[in-house]
Structures are given as structure tokens and as C-alpha cells.
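Comments concern the structure below.
The values are calculated or read from the model by the stated rules, or taken from the named source; none is laboratory data. Quantities reported herein were computed from a predicted structural model and do not represent experimental measurements. Ideal geometry is used to build each Cβ from the backbone, glycine not excepted, and the neighbour counts take in all protein chains shown.
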Amino acid sequence: MVRLLVVYETPDDADAFDQHYREVHIPLAKKLPGLRRYTVGRDPVPIRGGEPFYLVAELDWDDLDALRAAFASPEGQATARDIAELVPDGGIRSMIFELNDA
């Protein structure tokens, strides 16, 4: 399984961000082909240094090929384009990693 981890910095207008995220971005992302799991965490607390992020999203697929196919799809392209509207100031970070049992 692979995970796309997306962290959002605190937006200038939290109410507008939350409304767009809830009404536009989540419905787009949930249409991504092959998506197995989508979770959102709010108000994360940093343990070591740095400022807290505003929101953390985790999206899981069976493998990297499935994730790539999802974002190559029309739904994936629409979801990626929506990021520019959701966070026009670039207050977002993301990474992809493989999940392994420890």
C-alpha cells in the first residue's frame, strides 16, 4: 500500500478554506480511481519544533502504479487543479511513501 500525505499550513481565511475543502476538494478527491482510504486530521500538535499544521490528509492506494493512474485520470487532474484554488499561496506540502509493517 502507498500513502499520499498532504499537510496544509494555516490559511489566512480558515472559514473559506474549510468550506472549499469540505464542499469542493473532498468530493473531488473521493472520486479518485482506486482510492482505498481517505482520512483527515485537524489541529495536529507538533512534538518537536516548528509550527503546527492546520490540516493533515492521508490518501491510500494499493500501490504506486494505482496512485499514478489515479492522478493521470480526469478526476485526478481536476483534484490537482483544485489545489491552486484551495491554497493559492502555496501553503501545502505533500509526500508519497510505501506502507510497511514494522
Worksheet item: Among the residues of the stretch 1-41 satisfying the criterion of being in contact with a strand residue (DSSP E or B) (Cβ under 7 Å, 6 or more places away or on another chain) and small (Gly, Ala, Ser), which is surrounded by the most Cβ atoms within 10 Å (Cβ to Cβ)?
Response: Ala29
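In the set Ala84, Ala69, which member is more than 17 Å from Val7 (Cα to Cα), over 11 Å from the mean Cα position of the chain (by Cα) and in a helix (DSSP H, G or I)?
Only one candidate qualifies: Ala69.
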Practice prompt. Give the stretch 25-52 a look and list any residue that's touching an Asp or Glu at 6+ places or on another chain (Cβ under 6 Å) and of a type in the set (A, V, I, L, M, F, W, C), or say none.
Written response: Leu28, Leu32
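Of everything in the stretch 42-55, what is under 13 Å from the mean Cα position of the chain (by Cα) and either loosely packed, with under 11 Cβ neighbours inside 10 Å or under 24 Å from Pro74 (Cα atoms) (or both)? Give them in sequence order.
The one that is under 13 Å from the mean Cα position of the chain (by Cα) and either loosely packed, with under 11 Cβ neighbours inside 10 Å or under 24 Å from Pro74 (Cα atoms) (or both): Arg42.
Got a number for residues in the stretch 27-51 being of a type in the set (Val, Ile, Thr) and either modelled with pLDDT of 95 or more or under 18 Å from Arg3 (Cα atoms) (or both)?
Within the stretch 27-51, the first condition is being of a type in the set (Val, Ile, Thr), and the residues that meet it are 39-40, 45, 47.
Checking the rest, the ones that are also either modelled with pLDDT of 95 or more or under 18 Å from Arg3 (Cα atoms) (or both) come to 39-40.
Residues that pass the stated criteria total 2.
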